[in-house]
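Q: Got a structure for you, written out below as structure tokens; questions coming shortly.
Please treat every number below as a calculation from the coordinates, not as lab data. Every value quoted in this text rests on a predicted model; they were computed, and no experiment measured them. Here the Cβ is made from the backbone with ideal geometry for all residues, glycine too, and neighbour counts use every protein chain on show.
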Amino acid sequence: MTRKQAQAIISGLEGHNQSSVTKKTTRLVTGYFPIDLIKGYSPSQKLTEAEQAIESGQPLIIMSEKEFVDFLAQFFQLLAKGL
């Protein structure tokens with residue numbers, strides 16, 4: 001799934017795409033590949049801000065692209081069942 005596709009799905013569900021982490025941020029979707037295994041990797045500013053927000057008590061969930069796709073699948077299954 002491309003970033004643009006994910007953003008379209010989020011917008012379609014009346015969610016908001018943000019360019020930075022704010023107090024209103026509830027979820028952050030990260031890339032699917034294990035980037036932390038790459039030599040010299042350092043987390044993005046957005047990921048660092050999200051981790052700091054969580055440490056400060058903000059109810060924010062960081063999920064991989066796979067977890068996001070699984071979350072959407074579960075959401076649409078519940079929606080199809082009328083729940």
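Q: Can you give the net charge of the other residues whose Cβ lies under 11 Å from the Cβ of Met1, counting K and R as +1 and D and E as -1?
A: On the way: positive: Arg3, Lys4, Lys66; negative: Glu65.
Value of the local net charge: +2.
Q: Here is a follow-up. Could you list Arg27, Arg3 in order of exposure, starting from the residue whose Cβ has the fewest other Cβ atoms within 10 Å?
A: Ordered from fewest to most neighbouring Cβ atoms within 10 Å, Arg27, Arg3 come out as Arg3, Arg27.
Q: Say the cut-off is 20 Å between C-alpha atoms; which of Lys24/Lys46; Lys4/Lys81; Lys23/Lys66 go over it? Working shown, then result.
A: Working: Lys24/Lys46 14 Å; Lys4/Lys81 28 Å; Lys23/Lys66 25 Å.
Distance filter (> 20 Å) returns Lys4/Lys81; Lys23/Lys66.
Q: Just to be sure I understand, if you calculate volume of the Cα convex hull per residue in Å³ for this structure, which of (i) 183; (ii) 148; (iii) 112 do you get?
A: The calculated read-out lines up with (iii).
Q: Given 0.36 nm per residue, what is the gain on full extension from Ser19 to Thr2 after removing their alpha carbon distance, in nm? All intermediate terms of the calculation are to be shown ahead of the outcome.
A: On the way: separation 17, 0.36 × 17 = 6.12 nm, distance 1.59 nm.
Here the answer is 4.5 nm.
Q: A further question on this structure: Sorted from fewest to most neighbouring beta carbons within 10 Å, what does the list Ser19, Ser44 look like?
A: Working: Ser19 6, Ser44 13.
So the residues, fewest neighbours to most, are Ser19, Ser44.
Q: Once the Cα atoms of helix 3-12 and of the chain are each reduced to a long axis, what angle between those two axes, in degrees from 0 to 90 to the nearest 10, is obtained?
A: Long axis of 3-12 versus the principal axis of the chain: about 40 degrees.
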